[in-house]
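Working notes for the structure below.
Every read-out reported here was derived from the displayed coordinates using simple, explicitly stated rules and does not represent laboratory data. All values derive from a computational prediction rather than experimental measurement. A quick note on method: Cβ atoms are made from the backbone with ideal geometry, for glycine too, and the neighbour counts reach across all protein chains shown.
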Amino acid sequence: MKKINKGNFKKTLSTFTTGITVVATNHNSILYGKTINSFSSLSLSPPLVLFSLDKKSSKLNIFKDSKTVSINILSKNQEFISNNFAKKNPNWNEIEYDILKNENPIIKNCVSNLDCKIIDKLKKGDHIIFICKVLQVLNNTKLKPLVYYNSKYF
């Protein structure tokens, strides 16, 4: 065992395979999206999920001010979308999406899309945890997920 430091902790966590999601919202009639892999189910009854954003994230205040979000679980052919929304200023013009009744975008051709209401925000460590109630879901069982392991897509 090694004594914990930021570098070996990050390397250790990279050995946990995660799915890739894009959290999106419509804030003041402008679409925002952010690639995250810190997404998890929280509860089946009621249906709750969570995601977190670094306190230094360029879009943190936008998501903190939002009441609803969409969470888009990317398919294996959507690596471009993951990379696009990992940028500080992603380009929505190259993304196929629909708009929900609450005006949030959902990205097309995902494994799953979740329409969510943010019900709580918690400050923990260097992140803000967003707890969301899932209102609607869309699933495409014919697609395979985009996964991330050891700092690489699979």
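A few comments on the model shown:
- Odd one out for Ser82 among (1) in contact with a Lys or Arg (Cβ under 8 Å, 6 or more places away or on another chain); (2) small (Gly, Ala, Ser); (3) under 24 Å from Thr15 (Cβ atoms): (1)
- The lone criterion from (1) touching a strand residue (DSSP E or B) at 6+ places or on another chain (Cβ under 6 Å); (2) over 19 Å from Ile119 (Cα atoms) left unmet by Ser38 is number (2).
- Within segment 1-20, the set of residues being aliphatic (A, V, I, L, M) and either assigned to a strand (DSSP E or B) or farther than 19 Å from Lys152 by Cβ (or both) comprises Met1, Ile4.
- In segment 58-95, residue surrounded by the fewest Cβ atoms within 10 Å (Cβ to Cβ) [restricted to those that are within 19 Å of Thr141 (Cα to Cα) and over 12 Å from the mean Cα position of the chain (by Cα)]: Asn77
- If the condition is being assigned to a loop (DSSP other than H, G, I, E, B) and either closer than 21 Å to Lys133 by Cβ or of a type in the set (Gly, Ala, Ser) (or both), then segment 49-58 contributes Ser57, Ser58.
- Subset of segment 21-38 [under 8 Å from the mean Cα position of the chain (by Cα), surrounded by fewer than 20 Cβ atoms within 10 Å (Cβ to Cβ) and in a strand (DSSP E or B)]: Thr35
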